[in-house]
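Asker: Right, I'll just put the structure down here and ask away after.
Where a number appears in this text, it was derived from the coordinates with a stated rule and is not lab data. Only a predicted model underlies this, so the values are computations on that prediction, with no experimental measurement involved. Methodologically, a virtual Cβ is constructed for each residue, glycine included, from the backbone with ideal geometry; neighbour enumeration extends over all protein chains shown.
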Amino acid sequence: MFTGLYCHCLYLEIMKTYDFIVIGAGVVGCAIARELSSHGSVLVLERRERPGMETSRYNSGVIHSGIHLPPSFLKARLAREGSALVREFCQQFNVPNREVGMHIVVTAQDCFTQVGQLKQFTKLLQRAREQDIRIEVKSGRAIRTVEPSVRCLLGVHVPGVRIIDQCAFLAALIDDMGNSSTTIDCCMEVTAIEPVNSGLVVTAGSSRFRASLVINAAGLYADQVARLADVQFQHYYYRGEYYEIEPSAGITANGLVYPLPPRHSKGLGIHLTPTTDGRILLGPNTKRVSGPDDYRSDKTPPEKFLSAVRAFLPSLTTADISWAFSGIRPKTTDESIESDFVIEKHPELPLINLIGIESPGLTASLAVGNYVSQQLS
Ligand SMILES: Cc1cc2nc3c(=O)[nH]c(=O)nc-3n(C[C@H](O)[C@H](O)[C@H](O)COP(=O)(O)OP(=O)(O)OC[C@H]3O[C@@H](n4cnc5c(N)ncnc54)[C@H](O)[C@@H]3O)c2cc1C
């Protein structure tokens, strides 16, 4: 009896206690931690050796308008709110960013050979109208004065879209937490979550921590982490691969150039993305893969990328592009084309799970931080 009591006291002494534990130091976990730091002490547990080593690094760095999203989706609302917040944040903290705008182009192939593809155009116009997104419909000739490498009949211009340096953005988020009572512990993989009196105990490595509220922002692995608390979610993994256009190709991309979203595809279609450091990316595609770490198997050959963009970028050849990188999206459905974010408070446990945080999670990150902190009451 005495020994048991002694052990229990010792156990309480060595277990560090926080108001909040955030699992995962990607852009979403860090945005949440930054927001929660004004409400109490925060511990961020990250399994990799540094923050932002997964999807938060392997993306296009686009701050989206929401035009591609169903207006009723949570992610559409968070993208609209988040894009304004990210713009202000980048300006305040000198994160490299540029408002480049987006053209979504309609090609001759869309009009004459792909039955039904033009419906995608009217859908975009409708989504822009419903979400109050500023757009302009332009002729192919007008688009060519801005994007001389592109061939199209007409298109939609979305002026407010921005590109950012996503790694600098994450670094600035972490820097901004520097003065708060927030700790980020790396090389700490969370392996257990157990309920205790009015809180949860989280095991990571050989350590155990206690918190009044745990937020699962483990990205691709968030479904697995949720299962540690007996919550059943299932991710489906869709890899997005990128090639990079060689400067010698003579292609310019002053802004983002997207095709009409291919019907029946879970992606937006392979497109051109300029980066803040002066490169031009071609991609991403949307390829179903079996696991959250399958970045490389069965890479899509360059010819497939070329055939996807030939209708609006006819001069590109395989010699003009080289492999760049890939990232993986966690989707919440394998059946329908659209997959929404799930941000769900557990009905009994002090746990919030963030599931299916695929694109536009970078755009939405700061709004997700606000959304989670609003769940505290
Ligand atoms: C190809 C591609 C292109 C994209 N392009 C854009 C874009 O242009 N604009 C946009 O807005 N969004 C884009 N996105 C989406 C965006 O990148 C993601 O939504 C965002 O990065 C998700 O951030 P996260 O913090 O949720 O996940 P992550 O960055 O994956 O972070 C989760 C973290 O949790 C950690 N972790 C996992 N399991 C555990 C555990 N058990 N214990 C501790 N830590 C754990 C991981 O190591 C990781 O660091 C794109 C995504 C992809 C794949």
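Asker: Can you tell me how much longer the chain between Ile337 and Leu74 gets when fully stretched, taken as 0.36 nm per residue apart minus their C-alpha distance, in nm with one decimal?
Answerer: Length gained, Ile337 through Leu74: 93.1 nm.
Asker: Test of understanding: ordering Leu376, Leu366 by Cβ neighbours within 10 Å, fewest first, what list do you get?
Answerer: Lowest to highest Cβ neighbour count: Leu376, Leu366.
Asker: Which far-off residues, 5 or more places away or on another chain, put their amide H under 5 Å from the one on Ser339, with H placed in the peptide plane?
Answerer: The answer is none.
Asker: Can you compute the helix-only [θ] at 222 nm over the chain? Use -39500 (n - 2.57) per DSSP H run of at least 4 residues, normalise by all residues, nearest 500 deg cm²/dmol.
Answerer: -8500 deg cm²/dmol
Asker: Setting aside same-chain residues fewer than 8 positions from Lys16, which aspartates and glutamates have a Cα under 14 Å from its Cα?
Answerer: Asp185
Asker: Still on this structure, please answer the following. By how many degrees, 0 to 90 and rounded to 10, does the Cα axis of helix 166-176 deviate from the longest principal axis of the chain?
Answerer: 30
Asker: Given the C-alpha centroids of region 143-172 and region 342-377, what is the distance between them in whole angstrom?
Answerer: 28
Asker: Relative to the longest principal axis of the C-alpha atoms of the chain, give the angle of the C-alpha long axis of helix 119-130, reported between 0 and 90° and rounded to the nearest 10°.
Answerer: Compared with the principal axis, the helix lies near 60 degrees.
Asker: Which one, Arg47, Arg162, Arg134, has the greatest fluctuation when you compute a Gaussian network model over the chain with C-alpha springs under 10 angstrom?
Answerer: Arg134
Asker: Amide H to amide H, which residues 5 or more places from Ile184 or on other chains are under 5 Å from it, using H placed in the peptide plane?
Answerer: Amide H neighbours of Ile184, under 5 Å, 5+ apart: Val44.
Asker: Moving on to the next point. Show me, for region 54-62, the HN-Hα J-couplings you get by feeding each phi into the Karplus relation (A = 6.51, B = -1.76, C = 1.60, θ = phi - 60°), rounded to Hz, glycine and proline as x.
Answerer: Result, rounded to whole Hz: 10, 4, 5, 9, 9, 9, 8, x, 9.
Asker: If you don't mind, there's one more thing I want to ask. Based on the alpha carbons, how large is the Rg to Rh ratio for the chain when Rh follows Kirkwood?
Answerer: 1.02
Asker: Which whole-Hz couplings ³J(HN,Hα) result when phi for each residue of region 70-83 is put into the Karplus expression 6.51 cos²θ - 1.76 cosθ + 1.60, θ = phi - 60°, listed in order with x for Gly and Pro?
Answerer: Result, rounded to whole Hz: x, x, 7, 6, 4, 5, 5, 4, 5, 5, 4, 5, x, 5.
Asker: May I pose another question? In a GNM of the chain with a 10 Å cut-off on Cα contacts, which of Asn285, Asn254, Asn179 has the highest mean-square fluctuation?
Answerer: Highest fluctuation of the listed residues: Asn179.
Asker: Report the convex hull volume per residue for region 280-377, counting only C-alpha atoms, in Å³.
Answerer: Residue-normalised Cα hull volume stands at 150 Å³.
Asker: Among Lys299, Lys331, what is the fewest-to-most ranking by other Cβ atoms within 10 Å?
Answerer: Lys299, Lys331
Asker: Taking amide H positions as placed 1.01 Å from N in the peptide plane, with prolines and chain starts having none, which residues 5 or more places from Tyr238, or on another chain, fall under 5 Å of its amide H?
Answerer: Under 5 Å from the amide H of Tyr238 lie the amide H atoms of Val289, Arg329, Lys331, each far enough along the sequence or on another chain.
Asker: Taking only Cα atoms, what is the 0 to 90° angle, nearest 10, from helix 361-374's long axis to the longest principal axis of the chain?
Answerer: Long axis of 361-374 versus the principal axis of the chain: about 40 degrees.
Asker: Also, quick follow-up: Tell me, what HN-Hα J-couplings in whole Hz come from the Karplus equation 6.51 cos²θ - 1.76 cosθ + 1.60 at θ = phi - 60° for each residue of region 208-223, using x for Gly and Pro?
Answerer: 10, 10, 10, 8, 6, 8, 10, 10, 8, 10, 8, x, 4, 9, 4, 5
Asker: Still on this structure, please answer the following. Using per-residue counts of other Cβ atoms within 10 Å, averaged over each peptide, order 301-310, 76-85, 166-175 from highest down.
Answerer: Peptide ranking by packing, descending: 76-85, 166-175, 301-310.
Asker: Quick check on the exposure proxy: order Met188, Met102, Met15 from fewest to most C-beta atoms within 10 angstrom.
Answerer: By the 10 Å Cβ count, ascending: Met15, Met188, Met102.
Asker: Taking Cα centroids, how far is region 85-101 from region 280-321 in Å?
Answerer: One Cα centre to the other: 28 Å.
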